[in-house]
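Here's the structure, in structure tokens; my notes come after.
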Amino acid sequence: MPDLFADFKRTKDYLVCIDADGCMMDNMEVKHKECFCPAFVDAFDLQAASRYARECWEYVNLYSRNRGCHRFRAVTKALRLFYARPEVRERELPVIDVSPMEHWVEETETLSHPALEAYINGHPDCHESLRRSLAWSAELEEFVNRIVRGITPFPHVKDVLSKLREKADVVLVSATRHETLLKENEPTGVAELFHFITGQEYGTKAQIIARLLAIGGYDKEKVLKIGDAPGDHEAAQENGVLFYPVIPTEESLSWKHLERNAADAFFAGSYAQELMPQTLDAFYKKLLEDVPWETSAAL
């Protein structure tokens, strides 16, 4: 794979790194409910309890503080929740040990579909959980390619990007495949508003930001990560840069607030003290910490 970063050059004093799915593009619901989850049920043979599989998948990926985690982390988390449910245990479904997949997720240098495929090709006797995870990842990509179309950015996104570009290098930093990012963003006219576009093939979000910082030499107080998930916040924290959350179900309001208030505060150097604590508080209050069916069972 060619080194995409060889083409990156700093042009401004500021850097803004923006997530794609569910943050900038209104595609989180359709991808997870119509693509990721059906492939999850199919690849792991969860049809006999699909209702509970769907609840687990949507909790992990849409409504909880795990929202936005990498697909291979998500699949192990959802399976753990699924197999632990009393309703599932009562059905005596076959249980797949997800520990080997969890181990690979923690040990691999690159968390991506190609990396898992390469690992399996090099380890013919690898565990079933890895093979099923790869099959699931491939199937969901087929669903995404067939089903996800006509997706548009949230309101105010283009106006914000145009405003940010005046003073900042604006980079798309996503865990989605690079090819998919181009396919989904180019027809909307959004892709051309970015100075640079990176996908999962080039590392985690934290790793990508770290490389951009190293290449560009930006002052960290002049770097902002925009995202809709705690993982985006963690990527910002790991690199010591600022974070602006796009709040799930309040995306349009979030982008409007960024356009009218937060962007100016960022460029003025006051965002970290004046607005970031408030936006972070609202963001985390929106995401669930407790598993709903476990909480209701305890009442």
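Miscellaneous remarks
- Of all residues in region 186-215, those that are over 19 Å from GLU109 (Cα atoms) have Cβ atoms under 7 Å from Cβ atoms of residues that are of a type in the set (Ser, Thr, Tyr) and assigned to a helix (DSSP H, G or I), 6 or more apart or on another chain, in LEU193/SER162.
- The residues listed here are ILE197, ILE215, ILE151; of these, the one that is outside any loop (DSSP other than H, G, I, E, B), in contact with a strand residue (DSSP E or B) (Cβ under 7 Å, 6 or more places away or on another chain) and of a type in the set (A, V, I, L, M) is ILE197.
- Residue match in region 106-118 (condition: at pLDDT 95 or above, assigned to a helix (DSSP H, G or I) and more than 26 Å from LYS183 (Cβ to Cβ)): yes
- If you go through region 157-181 and keep only what is surrounded by fewer than 15 Cβ atoms within 10 Å (Cβ to Cβ) and either modelled with pLDDT under 90 or not assigned by TED's automatic domain parsing to the domain that holds LEU258 (or both), you end up with just GLU179.
- Those residues of region 120-144 which are part of a helix (DSSP H, G or I) and more than 22 Å from ASP45 (Cα to Cα), in sequence order: ASN121, GLY122
- Considering each residue of region 205-219 in turn, at least one proves to be under 20 Å from SER64 (Cβ atoms), crowded, with 17+ Cβ neighbours inside 10 Å and modelled with pLDDT under 95.
- Checking each residue in region 229-269 for being touching an Asp or Glu at 6+ places or on another chain (Cβ under 6 Å) and buried (at least 24 other Cβ atoms within 10 Å of the Cβ) picks out ASP232, VAL246.
- Residues satisfying the criterion are present in region 270-291 (criterion: over 24 Å from the mean Cα position of the chain (by Cα) and surrounded by fewer than 12 Cβ atoms within 10 Å (Cβ to Cβ)).
The values are calculated or read from the model by the stated rules, or taken from the named source; none is laboratory data. Please read these numbers as outputs of a predicted model, since none were measured by experiment. For neighbour counting, all protein chains shown are included, and Cβ atoms are generated from backbone atoms with ideal geometry for every residue, glycine included.
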